[in-house]
Each structure stands twice: as structure tokens, then as C-alpha cells.
Amino acid sequence: MARQDLRGKVAIVTGASSGVGWQAAVRLGEAGVKLCITARRAEALEQLRHELQARGVECIAVPGDVTVQGDVDQVVRECLTHYGRVDLLVNDAGVQSYGLFDELPWEHITRIFDINCFGFMRFARAVMPHFRARGSGHILNIQSMLSKGSAPLLSAYSASKHATLGWAKSLELELMGTGIQVSNILVPSVASNMFAHAPTMFGLAPQPVPPTYDPDMVARAVVRCARRPGRTVVPVFLQGKLVLWLNELFPWVGRFIMGHWGARMQMREEPVERRDGNLFHAMPEGVGPYGPVPPTPRWKRISAAAGLAALMGGLLVGVAGLTRAAR
Ligand SMILES: NC(=O)c1ccc[n+]([C@@H]2O[C@H](COP(=O)([O-])OP(=O)(O)OC[C@H]3O[C@@H](n4cnc5c(N)ncnc54)[C@H](OP(=O)(O)O)[C@@H]3O)[C@@H](O)[C@H]2O)c1
């Protein structure tokens, strides 16, 4: 598809009070998009709205909860009333909870689905009548590497992201030829507030599986995707394309590493009591794009990529040698 000019387009961005959603709104605004930002924390949205307006970006803020149908309808209604149109929906709002599957409270599991999966669907259904009437529109979903992969302690989150990708891929087929596009961005670990917001059953602060990227990397991918819609994008090499190839070719490697060390990798030696985190109510702290743990420095990511590529090369050579010997 030809590159689209984003100037004057209107986007709804959910989850805009922190992390990827915040930064995506900033980058879309820079690209000339008019914004309708939403999340539960009204004060954080106001802060972002002021920052955007100071840069000359038109923006309205409509607080709401993605699990409440009335709130979702209200966001879309106010966007249409103010701008008369919506061109792009960035589905971003998401939560996670750390715990062994059988120790996670059942309410955490259902709530994660209600936000991560049904929240995306609610917003898509709310904008679709408008998209269908105009014969154009774009639903851009912030997915995860865990939409395809798996990790211990995050079974409910991973299941919700798999479900959301499955829904999005089916929707894409249904909408073929209608002018409405569906895109997905498979996000690796990013240094957002998600880990400071998430409940944990372990009494230790959760942390992302390394390496961790800058949320701005995802925000820039959002803008690229908005310009060229209709794709499922893996925006990074190391914790993206390389990991997917490795899982495809040698699934036992990832299984071995994550099975043995995956749980440990996701906890910091910092005591934390956070039973419900931001699941049922927003947490006042953790506003803005960045969380407490900085992204992994570039040189470390490059060294890790080189190590992983060497491992894959070694495995391929070994498999080829064994195949030849067996002939
Ligand atoms: N961080 C990562 O490593 C990572 C990796 C892969 C994918 N992702 C995906 O990236 C997206 C954004 O996550 P993030 O890292 O930016 O985390 P974050 O900083 O915690 O942001 C999550 C956003 O979702 C909003 N939200 C949560 N529950 C909500 C609800 N019930 N209703 C409305 N808004 C709600 C939060 O705002 P309020 O609390 O103000 O409502 C916040 O704005 C998620 O879809 C996540 O799955 C993140």
C-alpha cells in the first residue's frame, strides 16, 4: 500500500497515560495527527494534553475504562463530536499479573482478558460503524512477542495476547476489500511502567525479560505502521525477528532457557507488596513514557544478538553435519 500522509488525520490512542501509549501519542502528534487520548487517569491525560498542545498538536482527553462499554462509547462519541471523524484507532491499554498459573487469583485472569483482549475488541466495535460508513479506517493493535511466544509467570497475559492476535488476524480477513485496515505490532520488552504497575504474587519487584527497549522505538513503529497500514510488524531484531526464527528452528532452546531461568529473570531483588497493582484501579504513580528500570544499553543488545546469532549458526552447522553423517 502507498505511504499515507498522516497530517490532519484523527487518532484515538488508548492507554495514553503512560508507556507506549503516551509516547505513541507524542510521535503521532509530531507527524501531524490530531489526537483523542484515553486511559483511566484523568490527571495524567491532562498533563499529556498540555504537553502536546504546547507543541501545537490538537488533542482532546477523554478518561475512561476499556472494560466499561459506556466509557468506550463515550470516547468515540466525543472524538466524533469534536473532530467529525476518526481515521485511526491505536489499541494499546494493557495489564499483566505475575504468578504461577494456579496461584493467580481467578479475578486477575478474567480481568487481564477483559482489558487486553475484550478492551481491544470493544474499541474496534465502537469505531467500526464509522469506518464502514466511510469505507476507510485503521485498527492498529499493540501486541506483544508473547502474542506468539510464552513465558513463565505470565500465562494469563500471554493467553490474552495470543487471543488478541488471533482475533485481529481474523478481523483482517473479514475486512479485506472494505478499505478498513488492521495492523499489529509485536512489542518486545520495553522500559515502560508496566512492571511497576503489575501485581505480583512473589513479593519481589517484577522486571522485563532482557534485553529491554525504549518505548519510543515502539512509538516510532506505530507512526510507520500508521503510514503503511495492514501489516503485522516485528520492530526489533534481537528480541524480535531473531527470537522468532530461533523458536521456529530450534524450539527446545527457548523452552530450556525460559523453563529453567525465565521465572528468575523476571524478578528483581527488591521486596514489593503489590497484590492487585493497576488491574482494578489505576495507580497514581507511573505517569509518562518511562518506568523505573532503564532500557538495556545498545552495546549490550548488540553483543547479545551476536551471541544468539553465533548460537543459531553453530546449531545449524551441527544439524547439517549430523544429517550428512547419517546419509
Ligand atoms: N512493557 C512491555 O515490555 C511490553 C511488552 C509487550 C507488549 N506491551 C504492550 O504494550 C501496551 C502498553 O503497555 P506499557 O508497557 O505502555 O504499560 P503501562 O505503562 O503500564 O501502560 C498501560 C496503559 O494502559 C492503561 N490501562 C490499563 N488498564 C486500563 C483500563 N482498564 N482502562 C483503560 N486504560 C487502562 C493505563 O492507564 P490507566 O492506569 O491510567 O488506566 C496505561 O496508560 C500493552 O498492550 C502491553 O501489553 C508492553
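The values are calculated or read from the model by the stated rules, or taken from the named source; none is laboratory data. What you see is a predicted model; the values in this text were computed from it and never measured. Here the Cβ positions follow ideal geometry from the backbone for every residue, glycine too, while neighbour counts run over all protein chains shown. Remember, those area values only see protein heavy atoms, side chains included, never the ligands or the DNA or RNA. Shrake-Rupley method; radii C 1.70, N 1.55, O 1.52, S 1.80 Å.
Filter the range 293-317 down to the residues that are away from the ligand (no atom under 11 Å from the Cβ) and within 30 Å of residue 47 (Cβ to Cβ), then identify the one that is surrounded by the most Cβ atoms within 10 Å (Cβ to Cβ). Outline the logic, then answer.
As a first pass, look at the range 293-317 and keep what is away from the ligand (no atom under 11 Å from the Cβ): 294, 296-317.
Add one more test, that the residue is within 30 Å of residue 47 (Cβ to Cβ), and what stays is 294, 296-298.
Values: 294: 10, 296: 19, 297: 10, 298: 11.
Within the range 293-317, the match that is surrounded by the most Cβ atoms within 10 Å (Cβ to Cβ) is 296.
Are there any pairs with C-beta distances below 6 angstrom linking a residue in the range 204-218 that is farther than 16 Å from residue 186 by Cα and in a strand (DSSP E or B) to a residue that is more than 10 Å from the ligand (Cβ to nearest atom) and not acidic (Asp, Glu), with the two at least 6 apart or on different chains, and if so which?
Pairs found: 204/267; 205/268; 205/272; 206/98; 206/200; 206/266.
State which residue is nearest to residue 144 (Cα to Cα) when the search covers only the range 27-42 and only residues that are among the aliphatic types (A, V, I, L, M), open to solvent by less than 10 Å² (accessible area, probe 1.4 Å) and away from the ligand (no atom under 12 Å from the Cβ).
For the range 27-42, the residue satisfying everything is 28.
Taking the stated definitions as given, is residue 15 of a type in the set (Gly, Ala, Ser) and in contact with a strand residue (DSSP E or B) (Cβ under 8 Å, 6 or more places away or on another chain)?
For residue 15, the condition - of a type in the set (Gly, Ala, Ser) and in contact with a strand residue (DSSP E or B) (Cβ under 8 Å, 6 or more places away or on another chain) - is met.
Which ones in the range 206-224 are more than 14 Å from the ligand (Cβ to nearest atom) and open to solvent by less than 30 Å² (accessible area, probe 1.4 Å)?
Answer for the range 206-224, where residues must be more than 14 Å from the ligand (Cβ to nearest atom) and open to solvent by less than 30 Å² (accessible area, probe 1.4 Å): just 223.
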